[in-house]
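Enquirer: Can you read through this structure? Questions will come right after.
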Amino acid sequence: MFDVFALALPRGHGFGDRPPIGAWGDAAGMVCGIVTQKTEDGSLGIMPCDAASITSGR
């Protein structure tokens, strides 16, 4: 989960009012997903990602 929170740092994705509350990834480390929750109303969202977008910062 640390890697997910690292995305929220000043040079990361910046989750704003939708901070991450969970994450998952495959055994090979090639894909992952991040679950976010809006602080205002509790609605959930997901942010899919893959190894290329993580290493390139996109």
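Enquirer: For the stretch 13-31, how many residues are surrounded by 14 or more Cβ atoms within 10 Å (Cβ to Cβ), free of Cβ contacts under 8 Å to residues at least 24 places away in the same chain and in contact with a Gly (Cβ under 7 Å, 6 or more places away or on another chain)?
Expert: Matching residues across the stretch 13-31 total 2.
Enquirer: Hey, another quick one. Test residue 56 against the criterion of being hydroxyl-bearing (Ser, Thr, Tyr), surrounded by fewer than 12 Cβ atoms within 10 Å (Cβ to Cβ) and modelled with pLDDT under 85, and give yes or no.
Expert: Answer is yes for this residue.
Enquirer: Condition check: modelled with pLDDT under 60, surrounded by 11 or more Cβ atoms within 10 Å (Cβ to Cβ) and in contact with a strand residue (DSSP E or B) (Cβ under 6 Å, 6 or more places away or on another chain). Does residue 4 satisfy that?
Expert: Details: modelled with pLDDT under 60: yes; surrounded by 11 or more Cβ atoms within 10 Å (Cβ to Cβ): yes; in contact with a strand residue (DSSP E or B) (Cβ under 6 Å, 6 or more places away or on another chain): yes.
So residue 4 fits the description; yes.
The values are calculated or read from the model by the stated rules, or taken from the named source; none is laboratory data. This structure is a prediction, so every number in the text was calculated from the model and none was measured. Cβ coordinates were reconstructed from backbone atoms using ideal geometry, including for glycine residues, and neighbour counts include every protein chain displayed.
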